[in-house]
Structures are given as C-alpha cells and as structure tokens.
Amino acid sequence: MNFPDREPNSQIPDLTMVGTIPVAPAGYKSGFISIVGRPNVGKSTLMNYLVGQKIAIASPVPQTTRNLLRGVLTTPTAQLIFIDTPGIHKPHHQLGEVLVKNAQNAMRSTDAVLLVVDGSVESGGGDRFIVELLSQTKTPVILGLNKIDLCPENHRAEIANSYIEIAPPNRWQFVKFSAVTGEGLDALQQVLIDCLETGPYYYPPDLVTDQPERFIMGELIREQILLLTREEVPHSVAVIIDRVQEEPNITRVQATICVERDSQKGILIGKGGQMLKTIGTAAREQMQKLIAGKVHLELFVKVQLKWRQSRLKLSELGYRIEK
Ligand SMILES: Nc1nc2c(ncn2[C@@H]2O[C@H](COP(=O)(O)OP(=O)(O)OP(=O)(O)O)[C@@H](O)[C@H]2O)c(=O)[nH]1
Ligand SMILES: [Mg+2]
C-alpha cells in the first residue's frame, strides 16, 4: 500500500504480519501519534485509558517504560496508533541512553506528537528541554496537561501559563485532562483526530496492541517489582520470560528476574522467600487477567553484573535502539 501524499513513516508495520485488514470507508482518518514527555507524567496511564486496555505498565517510579509500545484505538471515524515512549531524562547509564534515543526517534517519525506534562505542577527544566527538541519539528504537536485532578481549581490557570510560556507561540494546541479520572479525554481524542490525515486501517479494527503476550507478561512482573521494592532495586531489574507452556486448563510461565548485585537479589527474594512470593502472586493475578485464563508462575532471580552498562547485555534483554 502506498500513500504518496504521506511522508515515509518508519512506524508503519509490515501489513503482511497482521492478517486481513478491511478497506477503510471514504474520508477515514488514521495515523501514528507518539506520546512523549518527562518520566512519571502519566504517558503510559494515558495510553492505557485511551485504548481501553492495560498494554503498558505504570508506576510512581520514574523510568517505568523502557520500550516503544504500540496501542491502537479504532473509532468509526479514525484509527489512532499511539506509541508510548520512555520518559526523556538525563541518562546515567547505557540503558538510559537507549531509552532516550528511542523516545527521540519515535517523536521524529510519527504523524503527530502528544507532549504530556504534569499539569499539577508548573513547568521545569526537563519540560523546557523537550520543548526545545520539538520546537523545530513540522509535525503537529499537542501539549497535554495531565493530572488536572491533582491541581486545585485556583492554580490551574497559573500552571497552564507556565507551559504556554515555554511553548513556541501560537503553534501548539493545549488540552487539559486526567488520565486517571478520564476528564478531558474525549476532547483530547477529537483534537488528535483533527490532526490526522485520511488514511487506511493500519491494523485490524479489533486489535488493541501488536505487543506479544510474552512481552506483556514480563512487564507485569516488572511492574510488581516497581510497586513493591524501593530505591535502586526497581531500576536494576530486567525480566526474561524463559518459557510459556500452554496446557488445556492452565498456562505455565517460567521467568527470570535479573538484578545487578547480590544484595538486590537478597531484597527480591526476601525473608524466607516472602518478597518473591508476594511479587509472584500479584503478577500472576495480572497475567490471568491478560490471558483470561489460569496461570502458574515460577520465578527465578539471577545476578547479571552491571547489565545496564553493557550494550551487549542490554540487547540480549530486549533494550536496543529502534529505528
Ligand atoms: N492523580 C493522577 N495520577 C496520575 C495521572 N496519570 C498518571 N498518574 C500516576 O502517575 C504515575 C506515573 O504514571 P505512568 O503512566 O507510569 O507515567 P509515565 O509518564 O509513563 O512514566 P515513565 O514510563 O517512567 O516515563 C502513576 O502512579 C500513575 O498512577 C493522572 O491523571 N492523575
Ligand atoms: Mg511509561
């Protein structure tokens, strides 16, 4: 399929991989929208809400998202393909560099960019940095003030102004919303559709993500570690799904949690194995929701010295620069 009026788009999937796709009606709109911003502003929570399913894990720990994740929203008038990206921050190791590179690549190669900021606090240096990265782009940018549920009414205008001041004058649209309560998200959806051009269904209308189930399973384990452990541990963890065995009434999953130090391994396992058990139980419940079936989960913990500093190990764990 060729659309001479559209710029080449590296995010367009190989359509032979996703089965039969109907022809979209005349005037149908579609396109790819990257969701970018500082860590912890609510990008993944927002994507999950918009597509109506938990594709991306979310947590109060900054740098939760480590991969580019696609979520698809198909409405009667448009198909929006969201690309959730890792939060843009100052990297301290190779992992951080890969995450930030991927986020930057994603915002260069989509039809629109949704820049999400924390609308419960005034703008800061991190936001200014991303605004600068985006200020030269010809791609439409929508500045989304999230978390307005946390912002007292009498501060909303002041906070909004702090973002309007740093954005290029009169070029970007502003939308306020909450990815938790859903307030303002219908308006956001309409603004995003208005930015898109006419185009085909890129994915079958009933597909919500092309992320493999195996990948999401690994993320659900990592999410529980982010929620249940502290300080350096959440950032030092990678999860490998070693084996998924589907039986008639149960799916058996074996996974390895990689950490960087023996002390972290000790924390993850906990006294008498209690922490690992808690992580396993919570992750299993989430996996059961994902596959709508029974799951047996077996977890192992392994030390992989300094994996976040090694390009080779990062690549083995699935963290590489995506073009
Ligand atoms: N009250 C409130 N909390 C929110 C909102 N959106 C997200 N959060 C919370 O903010 C935290 C961070 O959310 P994430 O969705 O993980 O943020 P992110 O931008 O994807 O973070 P990274 O992946 O680290 O870049 C979580 O605890 C969310 O529950 C919102 O609109 N209101
Ligand atoms: Mg995220």
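The values are calculated or read from the model by the stated rules, or taken from the named source; none is laboratory data. All figures in this text were calculated on a predicted structure; none of them were measured in a lab. When we count neighbours, we look across all protein chains shown, and the Cβ atoms used for this are built from the backbone with ideal geometry, even at glycine.
At-a-glance table
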read-out: Residues satisfying the stated conditions in segment 38-74, i.e. of a type outside the set (S, T, N, Q), crowded, with 21+ Cβ neighbours inside 10 Å and near ligand 1 (Cβ under 6 Å from one of its atoms); value: V41, G42, K43, A58
read-out: Count of residues meeting criterion [of a type outside the set (D, E) and free of Cβ contacts under 8 Å to residues at least 12 places away in the same chain] in segment 236-254; value: 3
read-out: Qualifying position, being at pLDDT below 95 and among the small types (G, A, S), among S120, S109; value: S109
read-out: Where a residue in segment 166-184 is free of Cβ contacts under 8 Å to residues at least 60 places away in the same chain and more than 11 Å from Y49 (Cα to Cα) and its partner, wherever it lies, is within 16 Å of ligand 1 (Cβ to nearest atom) and of a type in the set (S, T, N, Q), with Cβ under 6 Å and at least six apart; value: I166/S123
read-out: Residue in segment 75-90 that is within 20 Å of D206 (Cβ to Cβ), among the hydroxyl-bearing types (S, T, Y), outside any helix (DSSP H, G or I) and away from ligand 1 (no atom under 14 Å from the Cβ) present; value: yes
read-out: Options T137, T64, T85, T110: the member that is out of contact with any Ser or Thr (no Cβ under 7 Å at 6 or more places or on another chain) and in contact (Cβ under 8 Å) with a residue 24 or more places away in the chain; value: T137
read-out: Residues located in segment 91-118, provided they are away from ligand 2 (no atom under 15 Å from the Cβ), under 23 Å from Q53 (Cα atoms) and outside any loop (DSSP other than H, G, I, E, B); value: A112, V113
read-out: Residue in segment 177-185 that is within 16 Å of ligand 2 (Cβ to nearest atom), modelled with pLDDT under 95, in a loop (DSSP other than H, G, I, E, B) and surrounded by fewer than 19 Cβ atoms within 10 Å (Cβ to Cβ) present; value: no
read-out: Number of the condition not met by A167 [criteria: (1) farther than 14 Å from A112 by Cα; (2) loosely packed, with under 11 Cβ neighbours inside 10 Å]; value: (2)
read-out: Identity of the residue in segment 218-256, buried (at least 17 other Cβ atoms within 10 Å of the Cβ) and among the polar types (S, T, N, Q), that ends up nearest to V301 (Cα to Cα); value: T256
read-out: Some residue of segment 257-274 being in contact with a Leu (Cβ under 8 Å, 6 or more places away or on another chain), of a type in the set (D, E) and surrounded by 13 or more Cβ atoms within 10 Å (Cβ to Cβ); value: yes
read-out: Residue within segment 206-217 that is crowded, with 17+ Cβ neighbours inside 10 Å, in contact with a Gly (Cβ under 8 Å, 6 or more places away or on another chain) and not β-branched (V, I, T) present; value: no
read-out: Failed item in (1) closer than 22 Å to I57 by Cα; (2) touching a residue at least 24 places away in the same chain (Cβ under 8 Å); (3) within 13 Å of ligand 1 (Cβ to nearest atom), with C151 passing the rest; value: (1)
read-out: Failed condition for N161, given (1) assigned to a helix (DSSP H, G or I); (2) more than 28 Å from K90 (Cβ to Cβ); value: (2)
read-out: Test: residue in segment 123-144 that is assigned to a loop (DSSP other than H, G, I, E, B), among the aromatic types (F, W, Y) and in the same structural domain as S44 (by TED's automatic domain parsing); value: no
read-out: Scan of segment 46-72 for residues that are within 21 Å of S315 (Cβ to Cβ), assigned to a loop (DSSP other than H, G, I, E, B) and more than 9 Å from ligand 2 (Cβ to nearest atom), ordered by number; value: N67, L68
read-out: Residue count, segment 23-45 (criterion: more than 13 Å from ligand 2 (Cβ to nearest atom) and among the basic types (K, R)); value: 1
read-out: Options L207, L188: the member that is within 24 Å of T74 (Cβ to Cβ), assigned to a helix (DSSP H, G or I) and touching a residue at least 12 places away in the same chain (Cβ under 8 Å); value: L188
read-out: Hits in segment 218-262 (condition: in contact with a helix residue (DSSP H, G or I) (Cβ under 9 Å, 6 or more places away or on another chain), of a type in the set (S, T, N, Q) and not in a strand (DSSP E or B)); value: Q224, T229, S236
